[in-house]
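Enquirer: Structure in C-alpha cells, see below.
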Amino acid sequence: MHNDLGFDIWCGLDVGKQAHHACALDAAGKKVFDKPLPQDQSKLEDLFTRLSEHGRVLVIVDQPNTIGALPIAVARSMGIQVAYLPGLAMRRAADLYPGNAKTDARDAFVIADAARTMPHTLRRVDLGEETLAELKVLVGFDEDLAAEATRLSNRIRGLLTQIHPALERVVGPRLATRQGLAVIEQLGGPQGMTAASKSKLLRVITKANPRHAQNFADAITQTLSEQTVVVAGTAAAEQVLPKLAASLPQTWDQRSELAAQVEKVVDAHPLAEVLTSMPGVGVRTAARILLDVGDASLFPTAGHLAAYAGLAPVTHRSGTSIRGEFPARSGNKHLKRALFLSSFAALRSDPVSRAYYDRKRAQGKKHNAALICLSRRRVDVLFAMLRNREPYRAPNPTPQPLAA
C-alpha cells in the first residue's frame, strides 16, 4: 500500500459486534468524521457516500473477518478500496501516540492516522483474505466435528470399560473401523453379542469388512466367555451403545464432505500450491497454516514463527546448578498439532525428513521428542517457502567422499 495511490480520505474503523467507531482524516490529518455507527449496511453506505464527496477514500479495518466483514463488503460494493492494519502493527503504532487510554475512538484514530502516515504497515484485503474468512468458518466446524468424533469414541469405550473391560480391550481399538462400529451398532454390548449366534456375529463383521473378520469374531467370542457376572448399568448401556455407534460414522461422513469443501477454498488461495508442495502438508494442515500464519509477513524470522507455534525449546536455569531445555508448553496449540502431525506424515513420504528423524532417534531422543525436532526444522523450510512464495524443493544430497 503506497502513498502514490492518491487517497484524499483515510477512514479507520475500530470494528465491533454491534457497532463500529469510525474516524476519517483528510490529507492534513484533520478529522472529517469521528463518531460511532451501528453494524448496519445503510448506515455504512451513508457514511462512505458522505466521505466520497471529499475525494478518494480508503477504508481501513483492524479485523478483516468476522465482525469486520460487513464494512468490507459494503465498501467494495461501492467501489471503495479497503485495507487491513494487522494487530501487531496496530499496537506498535498506538505506542507512538500520547496517552494510555484504550477507547474505540482512540483506536479508530490510530488506525486512520497510521494508514495515512505509515502506509507500509497496511495489508490489502484481497482474494486471500476472503479465502481466509471462508476457511475460518469451515475449519472451525471441522474442529467441532473432530471433537465430537473423539467424544463419541471415548464415550463408547468408557461404557464398555464399565460393564465389560475385557470386551473393551478387543473392540475399543477397532472403533475407528467399520467392523468395530457395526458390531456395537447392530448387536449392542456384551449381552447382545452373547445372545447372537456365532454365525450372526461373523455375518455382521464380514458385511462391514471381510478382512480378518473370522479372527475378530473369534476374539469377541473368547472375550465374552471370560466374564459371566453382569455389572450394574449393563441394561442401560445396551440401549445407549448402538445409538452412540450409529452417530460416529455420521460424524466421519460430515468431516469427509467438509474436507472436500475445505480443499476447494484452499485451492483458491494464492499460497495453496506453495504449502501443499511440502511433504506431509495436506489440505487440513494447509488450511490451519493459512489461518494462523498467513504469508508469514508478521514474523521477522523463522525462530519467531517457531516460538509462536510452541516448537522453540524453552531454557530453564536456576543459578549454575540446574539448567536444561524443555519443550514449550505455550504457543498456538492448533498450529503446533498441525505441524507435528504433518511431520509424522512426512516420515512415510519424504526421505529427507525420515533421515533427520532417524538421526535424532540415534542420538537417544524418544519418538515425540524427535518429531518435535523435525517439526522445528521444517518450520525453517516453511518460513522460507512463504517468504519467497516458492514451492518446496528437496535439498540436493550431500556427495559422499570416494573411498581411497
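The values are calculated or read from the model by the stated rules, or taken from the named source; none is laboratory data. Computed from a prediction, not measured in an experiment: that's the story for all the values here. Counting neighbours? That spans all protein chains shown, and the Cβs are built from the backbone with ideal geometry, glycine included.
Enquirer: Tally time: how many residues in segment 84-95 are touching a strand residue (DSSP E or B) at 6+ places or on another chain (Cβ under 9 Å) and under 16 Å from residue 109 (Cβ atoms)?
Expert: The total comes to 2.
Enquirer: One residue is enough: does segment 376-387 have a residue meeting the conditions out of contact with any Ser or Thr (no Cβ under 7 Å at 6 or more places or on another chain), among the charged types (D, E, K, R), assigned to a loop (DSSP other than H, G, I, E, B) and modelled with pLDDT under 95?
Expert: Pass one, segment 376-387, residues out of contact with any Ser or Thr (no Cβ under 7 Å at 6 or more places or on another chain): 376-377, 379-387.
Keeping just the survivors that are among the charged types (D, E, K, R) gives 376-377, 380, 387.
Remaining after also requiring assigned to a loop (DSSP other than H, G, I, E, B): none.
No, that holds for no residue.
Enquirer: On to the next question. Hey, can you tell me all the residues within segment 250-275 that are of a type in the set (Asp, Glu) and more than 12 Å from residue 138 (Cβ to Cβ)?
Expert: Residues satisfying the conditions are 253, 267, 273.
Enquirer: Tell me yes or no: at least one residue of segment 171-190 is over 37 Å from the mean Cα position of the chain (by Cα) and buried (at least 16 other Cβ atoms within 10 Å of the Cβ).
Expert: Restricting attention to segment 171-190, the residues satisfying the condition of being over 37 Å from the mean Cα position of the chain (by Cα) are 187, 190.
Now narrow it down to the ones that are buried (at least 16 other Cβ atoms within 10 Å of the Cβ): 187, 190.
So far as segment 171-190 goes, yes, one or more of its residues are over 37 Å from the mean Cα position of the chain (by Cα) and buried (at least 16 other Cβ atoms within 10 Å of the Cβ).
Enquirer: For residue 99, which of the numbered conditions (1) at pLDDT 90 or above; (2) outside the structural domain of residue 241 (by TED's automatic domain parsing); (3) surrounded by fewer than 17 Cβ atoms within 10 Å (Cβ to Cβ) fails to hold?
Expert: (1)
Enquirer: A follow-up question, please. Could you tell me whether any residue of segment 15-27 is closer than 30 Å to residue 304 by Cα and surrounded by 13 or more Cβ atoms within 10 Å (Cβ to Cβ)?
Expert: There is at least one residue in segment 15-27 that is closer than 30 Å to residue 304 by Cα and surrounded by 13 or more Cβ atoms within 10 Å (Cβ to Cβ).
Enquirer: Is there any pair linking a residue in segment 104-124 that is farther than 12 Å from residue 84 by Cβ to one that is modelled with pLDDT of 90 or more and charged (D, E, K, R), with Cβ under 8 Å and at least six apart or on different chains, and which?
Expert: That search, which allows pairs on different chains as well, returns 104/14; 105/14; 105/34; 107/14; 108/14; 108/34; 109/31; 109/34.
Enquirer: If we scan segment 84-99, do we find a residue that is touching a helix residue (DSSP H, G or I) at 6+ places or on another chain (Cβ under 7 Å) and charged (D, E, K, R)?
Expert: No, segment 84-99 contains no residue that is touching a helix residue (DSSP H, G or I) at 6+ places or on another chain (Cβ under 7 Å) and charged (D, E, K, R).
Enquirer: Could you tell me whether any residue of segment 285-294 is over 18 Å from the mean Cα position of the chain (by Cα) and either small (Gly, Ala, Ser) or modelled with pLDDT under 90 (or both)? Steps first, please.
Expert: Pass one, segment 285-294, residues over 18 Å from the mean Cα position of the chain (by Cα): none.
Scanning segment 285-294 turns up no residue that is over 18 Å from the mean Cα position of the chain (by Cα) and either small (Gly, Ala, Ser) or modelled with pLDDT under 90 (or both).
Enquirer: If you don't mind, there's one more thing I want to ask. Without any contact (Cβ under 8 Å) to a residue 12 or more places away in the chain and surrounded by 12 or more Cβ atoms within 10 Å (Cβ to Cβ) - does that describe any residue in segment 220-232?
Expert: Looking for residues that are without any contact (Cβ under 8 Å) to a residue 12 or more places away in the chain and surrounded by 12 or more Cβ atoms within 10 Å (Cβ to Cβ), one finds none in segment 220-232, hence no.
Enquirer: Continuing with the same structure: Please determine whether any residue of segment 265-287 is part of a loop (DSSP other than H, G, I, E, B), of a type in the set (A, V, I, L, M, F, W, C), in contact with an Asp or Glu (Cβ under 7 Å, 6 or more places away or on another chain) and surrounded by fewer than 21 Cβ atoms within 10 Å (Cβ to Cβ).
Expert: yes
Enquirer: If you don't mind, there's one more thing I want to ask. Provide a single number: the residues in segment 191-206 that are touching a residue at least 24 places away in the same chain (Cβ under 8 Å) and surrounded by 19 or more Cβ atoms within 10 Å (Cβ to Cβ).
Expert: Result for segment 191-206: 2.
Enquirer: Follow-up. Go over the candidates 139, 170 one by one and state the one that is at pLDDT below 95 and hydrophobic (A, V, I, L, M, F, W, C).
Expert: Of the residues listed, the single one that is at pLDDT below 95 and hydrophobic (A, V, I, L, M, F, W, C) is 139.
Enquirer: Next question. When you look at residue 194, is it within 31 Å of the chain's Cα centre (by Cα) and outside the structural domain of residue 295 (by TED's automatic domain parsing), yes or no?
Expert: Judged against the criteria, residue 194 is not a match.
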